[in-house]
Each structure stands twice: as structure tokens, then as C-alpha cells.
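The values are calculated or read from the model by the stated rules, or taken from the named source; none is laboratory data. Bear in mind the structure is a predicted one, so any value in this text is a computation, not a measurement. A quick note on method: Cβ atoms are made from the backbone with ideal geometry, for glycine too, and the neighbour counts reach across all protein chains shown. Surface areas here come from the heavy atoms of the whole protein model, side chains and all, with no ligands, DNA or RNA. Shrake-Rupley method; radii C 1.70, N 1.55, O 1.52, S 1.80 Å.
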Amino acid sequence: MNLFSLILFLFLFYLSFCSRIHIDPKIHPFYFQNQLSKQIPEHFIIDSKSIQKKISNKNKSLTYLSAIINLRNEEMDEKKQKSKKKTKKINQLKAKIYFIKPSIVRLKISENQPIQKRYKCSEALQENSFEYHTFKMDLQEDYVEIIIDGEDNINYNNEENVISVKLFFNPFNILVKNQDFPLFSINSDSLLRFENDQENDLESIAIDTAFINSHKVYGIPERPTDDLHLKNTTKENPLILFSCDAGRYSINSGDSLYGNVPMAIGIHDISDRSEIINPRTSSIFWMNSSETYVDIEDCEIKYEKDNLNTQGKRLYWNSQCGNIDIFLLTGKNNNPKFIWNQYFTITGYPMFPPLFSIGYNQCRWNYYTQKECYDINDTFNKHNIPYDVLWLDIDHTDEKKYFTFDKSNFPNPKKLQQDLNLDGRKTIVIVDPHIKVDESWEVYKQGKKDSLFILDSDGKEEFIGSCWPGKSAWVDFLNPKAVDWWTSLFSYENHKDSTPNLFVWNDMNEPAIFHAPRKTIPEKAKHWGGVNHRDLHNAYGLLMHKSTYQGLLEREEDKNRRPFVLTRSFFAGSQKFSAVWTGDNTSQWDHLKATPSMIANLNLAGIPFSGADTGGFFDDPTPELFVRWFQLGSLHPFFRGHSHHRANKKEPWVFGDPYTSLVRNAIQTRYKLIPLFYTLFYQSSKFGFPIIRPLWLEFGFDSITSKDNIENSSFMIGDSLLCYPILEPNSKIKSILLPRNSVCYDFFTHYKYVGNGKEFFLLCNLSTTPIYIRGGSIVPLRRNVEAKKSGTEMMFDPLLILIALDNNMNSQGFLYQDDGVSFNYQTKNEFIYQSFTFSEFCLDSKNLNNQKEQKIPEKFQLEIEEIVILGIPYSVNVNGITSDYHNEDIEFEKYQVEHGNESYQKIVIKNVNLRIGDDWKLRLNLKTD
């Protein structure tokens, strides 16, 4: 290629590139530069003599392989390169490969001789708890293969997870297999880049990765889209990971939103999907907190010596700064959920929230006075609608100074909190990261005096920007002293109007700034230790809500009250400290339609406690849209109504009947489901399971569960409830396509349906909420929610156990119970984890708490008042009930349930008077001829 042709090519590429992604190269120089350099591949090779296996006794027998990577670009004039005053290309890199238990491959690439220190977001990782596999090393002429030692294999259900990594020398690339099943290739397209332009103070890193034999990829939230899986970006915008204040975002716009998790999930599937397969899942976690772009495309993957010639999905990761740090979660055959066990091992398991936080939350920007708060509370009671939390936005403060109340409008905030708590209700206030510049305010004065704010680019003066209070400074949460100070601000001594019933909402923590380029902190503003803001931008929200969580924890002398924090901005690791919502959505049908995919994707990426502003934050919904949004919101882990101060009010009763009754029904359905949700939150914190799941995660991957319209508009709550929310206006008929070979029961009517590969059409009106109980499930439900004001008030009330039988007349389920408030479940073993198994017409119930000698508080031992069994064939004649605890009052009734071609008998057992916490059996007595 001559010089003219090269210049013309680059110019034409420049025009097509700018047209494709609509970004200014002056604002995004690192991405633009790497897009250009992709057209001229660089050749990296491994110095085989540099390969070493290293062991460190200081870090739990840490073992890793180390190798030197050299840049070899035949077109580069070495003499010219040496004569440059400022080095732009990094010519020698160091690679390290680790095996982290369980079966995680970590690849780190950095400069062999660093020009400057590069930032790593340690807050996202649990590195101190990592345990490492040892491995064998087989050095060949053109590659080295490393395999977990046979003696160190992790066994799960007697199944070995044998991980091998082949590191090819020339050109440098990596192939990762699990039990000879190819999973990942790294740098197979030679797109590794490591830039350091000192003259212009620019850095960038990039590399290509690929899921082998994969046709669908998920994850990498947060994206405003109604597609659950990630689309190719060949002709579209790349995925942009840059936390920003994205108010009034548009669906399917490609915009970056408030937070992000750089975790992609691949489905390894080479079948035609005509048969159900248990999907093989794996994940790539790109550990970098700077601005990042991800291009996705189909690709061919060839490794001749491994007889590998197949297709896959290529992800090209490009970050503004930092080092390359990739975690490859290899998963496990026949267990698609195993990748979350791996992911939470490295980033931390989700928090277990207090019970009140999973009820209904009522918020508005703003409830302006204490009297208005009482009026809202009284109106909920008047309409017999339960709720658990009243939220106060920025105008509750004294001149937007957080940790204060405006005493002219809130004369006695403590009394308000205490009065709400009489009905089991809590209060949540907003606390943002910007601090009003006010020399008379002690909080600002202390922060300035101790240099606890972010500094401007020269590192000398605090950075001043504009936000809600006007002139503001931003807390530097990278500074340990600033974290300690922030934590102390939540103490009862400093936050004088707070009580134990007050919790916190962190907003605007991208961080958002008014009248600023990209509406955030300048990228060269300085944090503690001279770190540029660009290095940690995407993790700023994480650093903030971690500190807030710690503040709420430490305000209690015994540190024995579970905090609750809601955050708008988030990163990998946020699941340990906070709930997340999808930000400032709009009261439009397309926003409702996108919500299931957005919440499911957050769950897949390790953020289970998530939801959306029910009713839409901006603008005004129609009554129909309002009802549909409550029906959907009641099924998500975080359930909050919220609205803009210029929008009409959106409390549940605003449209009057019949709409108020329909919204009440949706909220009461949520309260019936709280025992199930609370159990799922416990399981998520303990085992790492997503709460909201795509159908393929439970029923396998086939032509039904993998269909775009199915995975985009339906979801599961745990492994037991299938939800098909109505997301279109004027819906009279809803098409339902159940997973193949499944047995399901309508949650409300108990009609039975069988998944036969064909859709059926459900006649619907505004009261219809299509929810189906999976056959084989046992679901705990709260009874008599209509008479109670809050989830806290009903938490020890009796239960109904709903048993939905599969084709084999079997079912299983679980129930978790504790005090809903403290950490006693961890420190004192005060909890009940009850299993229910129905088999051979016998319900067997056991407390799985393995320390039964510990006395269980009697109030935890909830009474089971009623048991409902769905799916008993007509041919079975039940003529009595017996249990381990003799009960003369027990009674049962039989009902015929007929619908379409399906019919069965339903058994309703009343006056059961059995308790959880005990081990017992209940049997159906059958009459034989």
C-alpha cells in the first residue's frame, strides 16, 4: 500500500467511523485511535525464555505463570522509534495467568517497565479472599499449556472441572478450554493495544476476546434497550460504558446510562435448537473502571493444531486507561448458574437486605412538608394499600445541604420517622455526593479543612462545579480519610434528626454536574494519590455507596442493623452494598416494554436488587399504562413508585376506581409474594443465584426459550414463577408460549397449562396479570395481606403453602425466615431455612439450619394455616389427611379445576396448624378399591 492509498484509506475510515458512532474524536481520542489502529494489526510475540511459574507463600500459595510479551511490527523503523522523545507505543509487556478457585482464569497484562503507575479499582474485588489452584506446565516449541493439577481439581457433584490454557507464542494469543470444551480465545485477531502518549497525556488499552461456539451474548449493563441479548455493533454504536446523568433517555438509543458492569455472559450453543439443551454458560469480566467501549461481532475462530474451526462472538474491549485485567469464568457443564458462584467469589456476594426494603416504596420529587408526609401516609391507610417506605427527595433539606432538614417545613423529623414506624414503615432520605460550598456550614468547612474533596487538574485547589445547591465540591471517596469522615456524618450525633428508622438514597453519583462537558467531573481532576478522575470514573458511585453503607452500619453501636442504600450509579461489586434502579425513565409504553429486559440484564450481571420507577419518572401515564406498570413493578426485586415534580402525582389512588382497586391488587399481590422474595434474597446472598431469570436459565435453551420476543418480554422469579407481563396498550389478547414439556398453573385461577411448543391466546382485560406457577414448585405465600399496613407488620403472620405438581406428582420449595432486621442470622444462627418436598403424596418439611441445638426464637416459627395442592389427577381418591402432629381440627376440600383440555383436582387443606422450624410430614390418605 503506497502512502497516498494509506492516507485515503484512513480518511475514508475516519468519515465512516464518525458517522457510525456519532462521537467526536476530540472527546474520545483513545477509542478513535484504537479504531484506526485496528486496521493495521500489530504483531506481539511471547518470549518463550521468559516463561516462569511463580509461587508466593504470602498469598495462600499464590501460583501464576509469568511471560514477557514483545511487540514485533515489521513495518516499524526501529531507529525512528528509538529517536522519539516521547514513547507512545509500549514495546514490552508482561502477562500473568492465575487459576482462582473455583475454576476461574485471570489474565493480567501490564507494562514490563511501567512508565507511570496505573490505577486498579480494588473496591470491586475480594482479592484478600482469593484462593488459588496450582497447575502443571507443559512447554512446547510454539506454545505453553497450563492445566490445573489433578490433585487440585475442584469436584462438584463428582464432576471434575479441568481447565486448560494454551498460550501461543507467535503471534501471542490464548485458547481456554474446560474439559476439552473450547470456551474462550484471547487476542486471536491480534488487536492487543497498550498505548501511553505522555506528550498528550493519553493512555488506552484494548484486546479482542471471543466466546467460542456462541451465538448469543448477554450482560454489560446498563443499556436502555428492549433486547435482553447484546446485538452486534458492526453497523451500530459500540456499547459505551461511561456513567452519566442520562435523564430522559431514549429506548434503543445506544446511550450510556448511570452505571455499568463490564461482565459479558456467553451461551455456548452449536445446535439447531430443535431440542432442549442445558445451556453451557461462561463469562468474561473486564476489570477496568475507566471509560470503556465494547464492539461485538460474529467471528470465525481457527486453531489448526487443536482441530478447531468454528464460529463465535468477538468482543473487542477498549478502555481509556489502566491495565488489562480479565477474569474468565469457565462455568460448569450442566450447571448454567455456576458462573454466578464464580463471579461473586471475585466481587463479593449480594447483600441480604432488611425485610422492609422489598415491600412497596413510595417516593416523589418532592414531598415538601411534614404535613404532606402525614397526609400521604393517612391516604394509604384510607385506601387500604400497604407500603413500607416513604421517601424524601432533595427539598426536604435546608438549602440542599445533606444531613439536614428544612425545619420550616419539617419541624420535627424524628417524630415523623417514629410515627411512620408505628405502622412498620421506614423513611429514606436522599444524600448526594456534592457538598454545598458554604463557609458557614460545618460539613463543608471540615471537608475543605482536611482536603477531603476532589481537586482540580493541577491538584492544588478543590474542584468547584454546579449542582442542586449551586456551587459545590465533590467528596473524594478514594481518600481513606474522606471515607472515614463521610461514614461519621451518618452517626446520630452528626445527623441529628435521624433515627434507626431512617435510611439513605445516593443519587447523582455518576457523578453528575450541571453545565459541564459530558455533565461530569473533568477527566484530569485529581483524586487522592494524584489519581486522575478518568481512571475511576465508572467506580465513583461504588466508592460512594460503599461508604454510605458503612456509615449506616457503624451508626449502631453494636453494628447489628442491616443497612439499606439505593444507588443510581453502580459498578461491579455494588451488589455488596446497595440496590439499584434504572434511573429517570419516562411514562411511555416503550419504557415499560424495555423494563423487563433491563432488570433481567442487571440480574444476569450480578445486580439482583434492582427495579424501575413504577409509573415512569417523567411525564404523565394514562390510567391503563399506570396500572400495567404497577402490575410489572410488583414482580421486580425493587418496587418503588416515583415521579418528577413537574409531572402529575402518581400515588396509587390518583386515577380513582376502578384503577385504584387494580393498583391495590397489584401491590397486595407483591405482599403475598414477600415470603418468596425474601427467600430468594437469602439464596442470592448465600449461593449467588439471580432473582430475575430468563426462561432458558431454568428450562434449557431451545427454539422457544431463546426466541427474542420470549426472552425480551417474559421472565422468571426464582425458579418457580413465570411472568408474561402485558406491555402493549389496548391489549385484549395476550400470546403465551410456555417452555416445551413444562407443566404450569395460572397463579390466580389455578388453571393448568402444558407447554407443547405452541402458543395459546389469553383473553385479557386491565385486571389480567399473566403469572404461572411452574409444576414441581412449592411457593410460600403470605395470607390476609388485605388487613395489614406494611410488610413489617405482617412478617410473622401465618402462611399459605402452594404446591404445584409436575407430571411425576413431585414438587420442591424453600422458605427463609429471620427477624428481618439484624445480622443475628450470621452471628447467632437465628434463622429458619425450611425445605418442602412433596413426593408419593407426602409433604416432607425440614429445617435446614444445621445448628438446631441453637434455640430458634418462637416468633420465627410461623404457622402454616393452609396448604393448597394443584395437579392431583381425578384417578386419585384422597379421603383423609394425617400429620406427625395430631390435629383433630384439620380438614380438607376437593375442587375440580377444568380449563380447555386440562383438568385435575385441587386439594385445599385448612387448619393445618403446623409450624416452620420443626421437622414434620403431612400425608394424603388415599382410598383404594
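The set of residues from region 884-895 being surrounded by fewer than 18 Cβ atoms within 10 Å (Cβ to Cβ) and either aliphatic (A, V, I, L, M) or touching a residue at least 12 places away in the same chain (Cβ under 8 Å) (or both) comprises ASP884, TYR885, ASN887, ASP889, GLU891, GLU893, LYS894, TYR895. Within region 164-193, residues that are in a loop (DSSP other than H, G, I, E, B) reach partners that are open to solvent by 10 Å² or more (accessible area, probe 1.4 Å) and acidic (Asp, Glu) with beta carbons closer than 6 Å, at six or more positions or on different chains, in the pairs PHE169/ASP142. When the helices (runs of 4 or more DSSP H) confined to region 625-732 are screened for residues that are of a type in the set (Ser, Thr, Tyr), those reaching at least 1 such residues are found at 659-687, 708-713.
Selection of region 791-830 for residues being in a loop (DSSP other than H, G, I, E, B), open to solvent by 20 Å² or more (accessible area, probe 1.4 Å) and hydrophobic (A, V, I, L, M, F, W, C) yields PHE796, MET809, VAL821, PHE823.
Among the residues of region 404-434, the ones that are buried (at least 24 other Cβ atoms within 10 Å of the Cβ), part of a loop (DSSP other than H, G, I, E, B) and in contact with a Pro (Cβ under 8 Å, 6 or more places away or on another chain) come to 1 in all. Here is the figure for region 424-452: residues that are in contact (Cβ under 8 Å) with a residue 40 or more places away in the chain, in contact with a helix residue (DSSP H, G or I) (Cβ under 8 Å, 6 or more places away or on another chain) and over 17 Å from LYS546 (Cα atoms) total 6. Taking the conditions (1) touching a Cys at 6+ places or on another chain (Cβ under 8 Å); (2) of a type in the set (S, T, N, Q); (3) surrounded by fewer than 23 Cβ atoms within 10 Å (Cβ to Cβ) in turn, ASN278 satisfies each one other than (1). Scanning region 358-365 for any residue that is within 27 Å of LEU673 (Cα to Cα) and in a helix (DSSP H, G or I) turns up at least one such residue. Pairs linking a residue in region 478-503 that is under 27 Å from ARG425 (Cβ atoms) to a residue that is among the acidic types (Asp, Glu) and open to solvent by less than 30 Å² (accessible area, probe 1.4 Å), with Cβ atoms under 6 Å and 6 or more positions apart or on different chains, do not occur. Every listed requirement among (1) closer than 30 Å to LYS828 by Cβ; (2) crowded, with 24+ Cβ neighbours inside 10 Å is met by GLU557 save one, (2).
Across region 743-763, a minimum of one residue is classified as within 30 Å of the chain's Cα centre (by Cα) and aliphatic (A, V, I, L, M). For SER283, only one of the following conditions fails: (1) more than 30 Å from LYS593 (Cβ to Cβ); (2) in contact with a helix residue (DSSP H, G or I) (Cβ under 9 Å, 6 or more places away or on another chain). What is its number? All conditions pass for SER283, except number (1).
Right, PRO563: within 22 Å of LYS481 (Cβ to Cβ) and open to solvent by less than 10 Å² (accessible area, probe 1.4 Å) or not? For PRO563, the condition - within 22 Å of LYS481 (Cβ to Cβ) and open to solvent by less than 10 Å² (accessible area, probe 1.4 Å) - is met.
When each of GLY459, GLY447 is tested for being over 29 Å from LEU416 (Cα atoms), surrounded by 15 or more Cβ atoms within 10 Å (Cβ to Cβ) and modelled with pLDDT of 95 or more, the lone residue that passes is GLY447. Applying the criterion of being of a type outside the set (Ser, Thr, Tyr) and touching a helix residue (DSSP H, G or I) at 6+ places or on another chain (Cβ under 7 Å) to the residues of region 668-686, the residue that is farthest from PHE823 (Cα to Cα) is GLN668.
Taken over region 867-882, the residue count meeting the criterion of being crowded, with 17+ Cβ neighbours inside 10 Å and either of a type in the set (Val, Ile, Thr) or closer than 14 Å to ARG915 by Cβ (or both) is 6.
Across region 199-219, a minimum of one residue is classified as assigned to a loop (DSSP other than H, G, I, E, B) and touching a His at 6+ places or on another chain (Cβ under 7 Å). Looking only at region 500-515, residues that are surrounded by fewer than 18 Cβ atoms within 10 Å (Cβ to Cβ) and modelled with pLDDT of 95 or more come to 2 in all.
Scanning region 366-402 for residues that are assigned to a loop (DSSP other than H, G, I, E, B) and touching a strand residue (DSSP E or B) at 6+ places or on another chain (Cβ under 9 Å) returns ASN366, TYR367, ILE385, PRO386, TYR387, ASP388, ASP393, THR397, GLU399, LYS400, TYR402. Determine whether ARG518 is open to solvent by less than 30 Å² (accessible area, probe 1.4 Å) and basic (Lys, Arg). Here the answer is no, as ARG518 does not meet what is asked. Checked against the criterion of being surrounded by fewer than 20 Cβ atoms within 10 Å (Cβ to Cβ), farther than 25 Å from GLY424 by Cβ, out of contact with any helix residue (DSSP H, G or I) (no Cβ under 9 Å at 6 or more places or on another chain) and acidic (Asp, Glu), region 527-537 contains not a single residue that satisfies it. The criterion of being of a type in the set (Val, Ile, Thr) and modelled with pLDDT under 95 holds for ILE277.
Looking only at residues that are over 27 Å from HIS537 (Cβ atoms) and among the acidic types (Asp, Glu) in region 295-329, which one is least open to solvent (accessible area, probe 1.4 Å)? The residue in question is ASP306. Restricting the search to region 533-542, which residues are of a type in the set (A, V, I, L, M, F, W, C) and under 17 Å from the mean Cα position of the chain (by Cα)? Answer for region 533-542, where residues must be of a type in the set (A, V, I, L, M, F, W, C) and under 17 Å from the mean Cα position of the chain (by Cα): ALA539, LEU542.
Residues checked against (1) touching a residue at least 24 places away in the same chain (Cβ under 8 Å); (2) open to solvent by 20 Å² or more (accessible area, probe 1.4 Å); (3) among the hydroxyl-bearing types (Ser, Thr, Tyr):
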position: LYS101; (1), (2), (3): yes, yes, no
position: VAL105; (1), (2), (3): yes, no, no
position: LYS108; (1), (2), (3): yes, yes, no
position: PRO114; (1), (2), (3): no, yes, no
position: LYS117; (1), (2), (3): no, yes, no
position: GLN126; (1), (2), (3): yes, yes, no
position: ASP142; (1), (2), (3): yes, yes, no
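Filtered by the rule that a residue be crowded, with 19+ Cβ neighbours inside 10 Å, of a type in the set (Ser, Thr, Tyr) and free of Cβ contacts under 8 Å to residues at least 60 places away in the same chain, region 330-387 gives a lone residue, TYR367. In region 774-784, the count of residues that are open to solvent by 30 Å² or more (accessible area, probe 1.4 Å) and at pLDDT below 95 is one or more. Of the listed requirements (1) under 28 Å from TYR360 (Cβ atoms); (2) surrounded by fewer than 23 Cβ atoms within 10 Å (Cβ to Cβ); (3) in contact with a Cys (Cβ under 9 Å, 6 or more places away or on another chain); (4) not hydroxyl-bearing (Ser, Thr, Tyr), GLN550 misses just one: (3).
Each residue in region 727-758 was checked for being closer than 24 Å to THR595 by Cβ and open to solvent by less than 30 Å² (accessible area, probe 1.4 Å), and 9 pass.
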